[in-house]
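**Student:** Provided herewith is a single structure, encoded as structure tokens, for subsequent inquiry.
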Amino acid sequence: MTEKYIVVADPRQLRFYHEESQPGQIAPSLVVAQAVDLADERRRCALPGERPPRGDAAASASAAPMEERRPKNEDRERRIATQIAKHINAFFATQPDAVWHFAASPSLHNEVIDRLETSTGNRLDRSVRKELGNVPPVELRSHFKLAPLAER
């Protein structure tokens, strides 16, 4: 039987959920197979648009206008997408027969998909452009039921 995984990514974390079935269980349950913290300790602000921590007057006073910060934010998103794709490729290299579903925020989704190795991308079954990082595992599967099959 083919193993199935659901991969959920956001700028702060990456979660790999594995479907497990117990005898007599109607629907398989999702268990965390691997979790990766993607925190970048070198940045002052957690996400684009967030303010520096309170009391950080120097960062507030020298904050650049939005037009000057935009290239930095795009570079940071590209770095995060590359990091996520690297983790996904490494994980599925050890799971050669597994198929998977993928969810990421619209800003990361295509960047990650474009950076996947061909062998990993070919096993992608469904993908959605949604921020599902805080959705309980019990509800994850329902977000993929109506999603179109991934293009191969």
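**Student:** Quick test for you: out of 46, 9, 39, pick the one residue that is at pLDDT 85 or above and within 18 Å of the chain's Cα centre (by Cα).
**Tutor:** Among 46, 9, 39, only 9 is at pLDDT 85 or above and within 18 Å of the chain's Cα centre (by Cα).
**Student:** Just wondering, is there one or more residues in region 101-110 that are within 24 Å of residue 20 (Cβ to Cβ) and part of a helix (DSSP H, G or I)?
**Tutor:** Looking for residues that are within 24 Å of residue 20 (Cβ to Cβ) and part of a helix (DSSP H, G or I), one finds none in region 101-110, hence no.
**Student:** Right, next: Which of the residues spanning region 92-108 are surrounded by fewer than 19 Cβ atoms within 10 Å (Cβ to Cβ) and of a type outside the set (Gly, Ala, Ser)?
**Tutor:** Across region 92-108, the qualifying residues are 94, 95, 96, 97, 99, 106.
**Student:** Can you find a residue in region 76-90 that is closer than 21 Å to residue 39 by Cβ, among the acidic types (Asp, Glu) and free of Cβ contacts under 8 Å to residues at least 24 places away in the same chain?
**Tutor:** No.
This table checks each residue for (1) of a type in the set (Asp, Glu); (2) closer than 11 Å to residue 9 by Cβ; (3) at pLDDT 90 or above.
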site	(1), (2), (3)
58	no, no, no
68	yes, no, no
71	no, no, no
96	no, no, no
110	no, no, yes
115	no, no, yes
118	no, no, yes
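**Student:** Another one. When you look at residue 62, is it within 22 Å of residue 126 (Cβ to Cβ), modelled with pLDDT under 90 and of a type in the set (Gly, Ala, Ser), yes or no?
**Tutor:** Answer is no for this residue.
**Student:** For residue 106, state whether it is closer than 16 Å to residue 10 by Cα, modelled with pLDDT of 75 or more and of a type outside the set (A, V, I, L, M, F, W, C).
**Tutor:** yes
**Student:** Next question, about the same structure. Among the residues that make up region 115-133, is at least one of them of a type in the set (Lys, Arg), surrounded by fewer than 16 Cβ atoms within 10 Å (Cβ to Cβ) and not in a loop (DSSP other than H, G, I, E, B)?
**Tutor:** Yes, that holds for at least one residue.
The values are calculated or read from the model by the stated rules, or taken from the named source; none is laboratory data. Note that this is a predicted model, so its numbers are computed, not measured. Using ideal geometry, Cβ is built from the backbone for each residue, glycine included, and neighbour counts are taken over all protein chains shown.
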